[in-house]
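See structure below.
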Amino acid sequence: MNPSLSIYDNLGGEKGVRALVEAFYPIVQQNEQLAPLFPEDIQPVIDKQYMFLSQFFGGPGLFSEAFGHPMMRARHMHFEVTVERAEAWLACMDQALTQIGVEEPLHSFILQRLSGPAHHFVNTP
């Protein structure tokens, strides 16, 4: 990990973020806590997540360009997001990072960076 580069660049830019998202959603679809929250046609979700993570990780502002301000908590309010689901989401991301070969310390840094937003979305006890 090069600390002077963004997460986006440390992952390898567009190609790395795309690989992460494409590894992540098949894992999510197998998770009993998370799978029911997602549509059968997952491709639009994958595309939006790619755009969001590119922006969130310090790359181009693809999500904002396409959809305006992310307002991610508001966009997730209609889902029952529990602490358990937030943790399951992070566990799926951990698996995806491992699957695509992201090494330490970048692996842990990404999970730490995503932990705040994941828990910020919690809206159900």
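The values are calculated or read from the model by the stated rules, or taken from the named source; none is laboratory data. All of these numbers come straight from a predicted model, not from anything done at the bench. A quick note on method: Cβ atoms are made from the backbone with ideal geometry, for glycine too, and the neighbour counts reach across all protein chains shown. Keep in mind that these areas ignore ligands, DNA and RNA; they rest on the heavy atoms of the full protein, side chains included. Shrake-Rupley method; radii C 1.70, N 1.55, O 1.52, S 1.80 Å.
If the Cβ limit is 9 Å and pairs must be 6+ apart or interchain, which residue in the range 103-119 that is without any contact (Cβ under 8 Å) to a residue 40 or more places away in the chain pairs with which residue that is open to solvent by 80 Å² or more (accessible area, probe 1.4 Å) and in a helix (DSSP H, G or I)?
Hits for this filter: HIS107/THR98; ALA118/GLU87; HIS119/GLU87.
Out of the range 97-114, which residues are open to solvent by 80 Å² or more (accessible area, probe 1.4 Å) and β-branched (Val, Ile, Thr)?
Quick first cut of the range 97-114, residues open to solvent by 80 Å² or more (accessible area, probe 1.4 Å) only: 98-99, 103-104, 109, 112-113.
Correct list: THR98 only.
Can you tell me which residues in the range 24-51 are touching a Leu at 6+ places or on another chain (Cβ under 8 Å) and modelled with pLDDT under 95? Don't jump to the end; show me each part of the working.
Residues of the range 24-51 touching a Leu at 6+ places or on another chain (Cβ under 8 Å): 28, 50-51.
Selection gives nothing.
Within the range 45-63, is even one residue surrounded by 19 or more Cβ atoms within 10 Å (Cβ to Cβ) and over 29 Å from GLU80 (Cβ atoms)?
Looking through the range 45-63, at least one residue is surrounded by 19 or more Cβ atoms within 10 Å (Cβ to Cβ) and over 29 Å from GLU80 (Cβ atoms).
Given the structure, is GLY16 over 16 Å from ALA118 (Cα atoms) and either open to solvent by less than 40 Å² (accessible area, probe 1.4 Å) or of a type in the set (A, V, I, L, M) (or both)? Spell out the reasoning first.
Details: over 16 Å from ALA118 (Cα atoms): yes; either open to solvent by less than 40 Å² (accessible area, probe 1.4 Å) or of a type in the set (A, V, I, L, M) (or both): yes.
Judged against the criteria, GLY16 is a match.
Restricting to helices (runs of 4 or more DSSP H) lying wholly in the range 8-75: which have 3 or more residues that are touching a Phe, Trp or Tyr at 6+ places or on another chain (Cβ under 9 Å), closer than 16 Å to PHE121 by Cβ and without any contact (Cβ under 8 Å) to a residue 40 or more places away in the chain?
Working: elements: 14-29, 43-56, 62-67, 72-75.
In the range 8-75, the matching helices (runs of 4 or more DSSP H) lie at 43-56.
Given the residues LEU111, LEU62, which is the only one that is modelled with pLDDT of 95 or more, under 19 Å from VAL21 (Cβ atoms) and touching a helix residue (DSSP H, G or I) at 6+ places or on another chain (Cβ under 7 Å)? Step through it out loud before you land on a result.
Numbers: LEU62 fails: modelled with pLDDT of 95 or more.
Testing whether each residue is modelled with pLDDT of 95 or more, under 19 Å from VAL21 (Cβ atoms) and touching a helix residue (DSSP H, G or I) at 6+ places or on another chain (Cβ under 7 Å) leaves just LEU111.
Considering (1) touching a Phe, Trp or Tyr at 6+ places or on another chain (Cβ under 8 Å); (2) at pLDDT below 95, say which one GLY116 fails and leave the rest.
(1)
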